[in-house]
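A short worksheet on the structure shown next.
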Amino acid sequence: MFSGYAFTVEERFIRYVKIDTTSDPHSETFPSTEKQKDLGRLLVAELKALGLSDAYMDDNGYVYATVRSNTEKKVPVVCFCAHVDTSSDSSGTNVKPIVHRNFDGSPIVLPDDPSQVIRVEDHPYLKDKIGEDIITASGTTLLGADDKAGVAVIMDMANYLVTHPEIKHGDIRILFTPDEEIGRGVDKLDMKTLAADFGYTLDGSERGSFEDESFSADGASVVFHGISAHPGYAKSKLVNAIKIAAEFVTSLPRDRFSPETTADREGFVHPVHIEGTAEMAKVDFIVRDFKTEKLKDHVSVLDQLASKAIASYPGARYEIKQREQYRNMKEVLDKHPQVAVFAEEAIRRAGMEVRKFPIRGGTDGSRLSFMGLPCPNIFTGEMAFHSKHEYVSVQDMQKAVETIVHLAMIWAE
Ligand SMILES: [Zn+2]
């Protein structure tokens, strides 16, 4: 099916990563940075050039388009989704992509900062990439394969479908979102405009990988109230909330229950922010587990530790609040087993073995799943994301294109 096809994913990818789309967690606007729309505008123009006449970007920076159904059959509307923004963890300005053809396994020295070296020892997945074409940045920026690999893969799928009318499929919706990296990617998404039944994010990494399980996530805040007094006349009066909060944080387990001591399917609590005065101090946590019901057990551990921390401070008190952030997409996907079954079949038809990992985090798909669009995550080849060592294999991106073309067909079968 693809032997004579001239993939466009590489040239598209090279074009997209040069456009700065860093999102900004401190911004109050939506999208958080206007420049994300620069890529949105280019994508709309390219989609229109492909003949997708309904392609458009709304004021919030969402890009929508449809590859129209070419079958008489009634087929569910399937959406492929990727995010245009890149993480602010590393600069995304003036990205200079470099293609390392026929990678031979030797260290890749990034020319604009030769201290940045991508080595097989540090990136074991690169061992499988010998002979492939690896794209990196030049040493001073991230690459932006997260998630412009996904964007380019979806664009190439559209290109394939419009140039191969013999491939039968239902309506395929394309969605590009801003601000995924700051957790707001679907905040202003209009599900009515999207009008899709099932979705897939293209934001996974290793070839053949498929993710239909994510963390369930809550936030928790512990607020300690002390008793303030003029420090010159505070004897036997002052109860310092900062000291209680410090004791509380120190009492968290050191050998388990934290991001730095857990892996695979273990959950954790993680203090992410602390602020305070003698009168009041607050510690914010993120709480994570694959089992939603365990989140409240984790918060009750925080409750016990907080209660222990105030015990030796007469007059002090605390309160604890828990709030929902997102939920394990598996809870929704289990009700629509065909979404995962078809994706796994598509990966196999594209000649790969399926590799399933639980996501130790959330994706836009976690939230979309609970907004009514069951939405697992498919690989794109993006690796070492959010860093200057970020890389992607051209052949992995091509395999992702093949996978979602197959997937579009499978839904129409
Ligand atoms: Zn991403």
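Annotations
- Criterion violated by Glu121 - all others in (1) of a type in the set (D, E, K, R); (2) free of Cβ contacts under 8 Å to residues at least 40 places away in the same chain; (3) in contact with a strand residue (DSSP E or B) (Cβ under 6 Å, 6 or more places away or on another chain) satisfied: (3)
- Complete set of residues in the stretch 214-250 that are assigned to a loop (DSSP other than H, G, I, E, B), in contact (Cβ under 8 Å) with a residue 40 or more places away in the chain and open to solvent by less than 30 Å² (accessible area, probe 1.4 Å): Phe215, Gly226
- Scanning the stretch 251-290 for residues that are open to solvent by 30 Å² or more (accessible area, probe 1.4 Å), assigned to a strand (DSSP E or B) and in contact with a Gly (Cβ under 8 Å, 6 or more places away or on another chain) yields Met280, Lys282, Ile286.
- For the stretch 115-145, filtered to residues that are open to solvent by 10 Å² or more (accessible area, probe 1.4 Å) and not in a loop (DSSP other than H, G, I, E, B), the residue that is nearest to the ligand (Cβ to nearest atom) is Tyr125.
- Scanning the stretch 336-353 for residues that are surrounded by 24 or more Cβ atoms within 10 Å (Cβ to Cβ) and under 30 Å from Gly139 (Cα atoms) turns up nothing.
- Take the conditions (1) more than 16 Å from the ligand (Cβ to nearest atom); (2) not in a strand (DSSP E or B); Val151 misses just one of them, which is (1).
- Criterion (touching a helix residue (DSSP H, G or I) at 6+ places or on another chain (Cβ under 9 Å) and in a loop (DSSP other than H, G, I, E, B)) met by exactly one of Gly199, Gly185: Gly185
- Check on Ser91, of a type in the set (S, T, N, Q), within 25 Å of the chain's Cα centre (by Cα), more than 28 Å from Met409 (Cα to Cα) and away from the ligand (no atom under 16 Å from the Cβ): yes
- Checking each residue in the stretch 156-173 for being surrounded by fewer than 24 Cβ atoms within 10 Å (Cβ to Cβ) and among the hydrophobic types (A, V, I, L, M, F, W, C) picks out Leu161, Val162, Ile167.
- Test: residue in the stretch 333-344 that is under 30 Å from Phe103 (Cα atoms), away from the ligand (no atom under 16 Å from the Cβ) and not polar (S, T, N, Q): yes
- Single residue of the stretch 28-51 satisfying the filter (part of a loop (DSSP other than H, G, I, E, B) and touching an Asp or Glu at 6+ places or on another chain (Cβ under 9 Å)) that is most open to solvent (accessible area, probe 1.4 Å): Lys35
- The stretch 9-27: number of residues that are polar (S, T, N, Q) and surrounded by fewer than 18 Cβ atoms within 10 Å (Cβ to Cβ): 1
- Count of residues meeting criterion [within 20 Å of Glu206 (Cα to Cα) and of a type in the set (D, E, K, R)] in the stretch 85-139: 10
- Conditions (1) open to solvent by 40 Å² or more (accessible area, probe 1.4 Å); (2) within 16 Å of the ligand (Cβ to nearest atom); number of the one not met by Ser387: (1)
- Residue that is farthest from the ligand (Cβ to nearest atom), among those in the stretch 353-379 that are more than 21 Å from Asp264 (Cα to Cα), assigned to a loop (DSSP other than H, G, I, E, B) and in contact with a strand residue (DSSP E or B) (Cβ under 9 Å, 6 or more places away or on another chain): Pro374
- Enumeration of residues in the stretch 158-193 that are touching a Pro at 6+ places or on another chain (Cβ under 7 Å) and away from the ligand (no atom under 16 Å from the Cβ): Gly170
- Odd one out for Glu206, checked against (1) away from the ligand (no atom under 16 Å from the Cβ); (2) open to solvent by 10 Å² or more (accessible area, probe 1.4 Å); (3) farther than 29 Å from Met57 by Cβ: (1)
The values are calculated or read from the model by the stated rules, or taken from the named source; none is laboratory data. This is a predicted model, so every value here is computed, not measured. Cβ atoms come from the backbone with ideal geometry, glycine included; neighbour counts cover every protein chain shown. To get the accessible areas, we keep the full protein, side chains included, count just its heavy atoms, and leave off ligands, DNA and RNA. Shrake-Rupley method; radii C 1.70, N 1.55, O 1.52, S 1.80 Å.
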